[in-house]
Amino acid sequence: MANLEARKYISPNSGFPVTLHPHFNEKIKNHVPPEPPREPFTPPKDRAFFADPEKKALFSVAKQVDLTESIGTVLENVQLSQLDETQLDELALLVNERGVVFFRDQDLTTEKQVELFQHYGILDKHPAQKFVNIKGSREDHREILSYTPWPSGDFHADTSFEINPPTYSLLRMEEHPEVGGDTAWVSQYGIYDALSDAYKRFLDGLHAVHTSRLQYDTILDLWGAGPNRPPIDTHHPAVRTHPVTKLKALNVNPGFVTGFAELKKLESDKVLDFLAYHIHSADDHYVRWKWAVGSVAMWDNRCTLHRVIPGTYKGERRGIRTTVFGEIPYFDPTSESRAERKLREESQDDEGVLVA
Ligand SMILES: O=C(O)CCC(=O)C(=O)O
Ligand SMILES: [Fe+2]
């Protein structure tokens, strides 16, 4: 934020600070990204497909403590650095099902974290940063909206604008304040189920426009470090089918989605407004995690959103994030939602009881 002053431009009409249009902003206009855009590709098969559904190898050592009904599990008695490939596959499946899985007091180093995460696929070199991400966010999405177009402190799925957006992310805290800097996740399975049937049917066929443009401009304008790849707009299904669980998940996030391809602008804005409200008020599909040095979270970007809770904490906050590219999102209209599956399974159980 060193050059915060340099980008301040007060609108003569409103009196509010505004970001210069890219065309007139020398830093944005003159930036030549060192890498070309990424081409679509077929990633290696998701490791969760190889897992024993009962996860016996993982649960032979780890104790599962669920934090809420909908999302979030702590695994106790386990060091990630000690897990073998079978257990890592089972962990992937658990992350697909629970959205985010947490660990305390881990002895992982950055080197080991990178090695471990390569088991899950091809590591994303973030379009804006180096090989792994260093995080230290104090941003309030409400505050930052007043001077940049990118709501960087808001709920998002990591780099959801990619053609092959990430499956898994793992964040490990190396430095952390005693209080503040918590991260929150919401379940996109749960958020979808919380909609009315009519609204679900409306969203089912739509495509959300995910963009990196606002992030791209903001990084160049405010942060100085140049994005590695050109900005991209990608249309992804507004509701996607999770390839492993086969469940429907909402695939819209306020951090990167700017509209819907099939809607008119005003319609689109209202739907986005409503969904932002829906996501922010989802306390039954929400989990908030208090970090400490050595804590780790691994999440599935296909069925969760997350954001750092804003605040003015004391001291440093530094984490290392590794992320792998996933499949191109798709929507299968015959797939079921999590609540529908639960109902179906319960009715099957009831029939089982009757037959017995
Ligand atoms: O710093 C955090 O808690 C999360 C930041 C974030 O969005 C990420 O690492 O993907
Ligand atoms: Fe993130």
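The values are calculated or read from the model by the stated rules, or taken from the named source; none is laboratory data. Just so it is clear, the model here is predicted, and its values are computed rather than measured. Backbone-built Cβ (ideal geometry, glycine too); neighbour counts: all protein chains shown.
Among (1) in a loop (DSSP other than H, G, I, E, B); (2) away from ligand 1 (no atom under 16 Å from the Cβ), which single condition is residue 178 missing?
(2)
Table: residues versus (1) over 16 Å from residue 250 (Cα atoms); (2) buried (at least 16 other Cβ atoms within 10 Å of the Cβ); (3) away from ligand 1 (no atom under 16 Å from the Cβ).
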| residue | (1), (2), (3) |
| --- | --- |
| 297 | yes, yes, no |
| 306 | no, yes, no |
| 316 | yes, no, no |
| 319 | yes, yes, no |
| 326 | yes, yes, no |
| 343 | yes, no, yes |
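Given the conditions (1) more than 16 Å from ligand 2 (Cβ to nearest atom); (2) aromatic (Phe, Trp, Tyr); (3) under 30 Å from residue 76 (Cβ atoms), which single one is not true for residue 291?
It is condition (1) that residue 291 fails.
Identify, from the list 291, 299, the residue that is in a loop (DSSP other than H, G, I, E, B) and within 20 Å of residue 153 (Cβ to Cβ).
Answer to the selection: 291.
Can you tell which of 296, 355, 287, 257 is modelled with pLDDT of 95 or more and more than 26 Å from residue 65 (Cβ to Cβ)?
257
Please state which of the following conditions residue 86 fails to meet, knowing it meets all the rest: (1) β-branched (Val, Ile, Thr); (2) surrounded by 13 or more Cβ atoms within 10 Å (Cβ to Cβ); (3) touching a strand residue (DSSP E or B) at 6+ places or on another chain (Cβ under 9 Å).
Residue 86 satisfies every listed condition except (3).
Residues in region 332-340: is at least one within 16 Å of ligand 1 (Cβ to nearest atom) and in a loop (DSSP other than H, G, I, E, B)?
no
Just name the residue that is farthest from the chain's Cα centre (by Cα) out of those in region 181-209 that are under 24 Å from residue 308 (Cβ atoms) and assigned to a loop (DSSP other than H, G, I, E, B).
Checked region 181-209; the qualifying residue farthest from the chain's Cα centre (by Cα) is 194.
Of all the residues that make up region 50-79, how many are within 21 Å of the chain's Cα centre (by Cα) and of a type in the set (A, V, I, L, M, F, W, C)?
Going through region 50-79 one residue at a time, the tally reaches 4.
Looking at region 262-279 only, could you name the residues that are surrounded by 14 or more Cβ atoms within 10 Å (Cβ to Cβ) and away from ligand 1 (no atom under 16 Å from the Cβ)?
Those that are surrounded by 14 or more Cβ atoms within 10 Å (Cβ to Cβ) and away from ligand 1 (no atom under 16 Å from the Cβ): 263, 268, 269, 271, 272, 275, 276, 278.
Of a type in the set (Gly, Ala, Ser) and modelled with pLDDT under 95: is that true of residue 70 in this structure?
no
Filter region 163-185 down to the residues that are away from ligand 2 (no atom under 13 Å from the Cβ) and either within 17 Å of residue 256 (Cβ to Cβ) or among the polar types (S, T, N, Q) (or both), then identify the one that is surrounded by the most Cβ atoms within 10 Å (Cβ to Cβ).
167
Specify which of the listed residues (234, 245, 218) is outside any helix (DSSP H, G or I), at pLDDT below 95 and β-branched (Val, Ile, Thr).
Unique residue meeting the criteria: 234.
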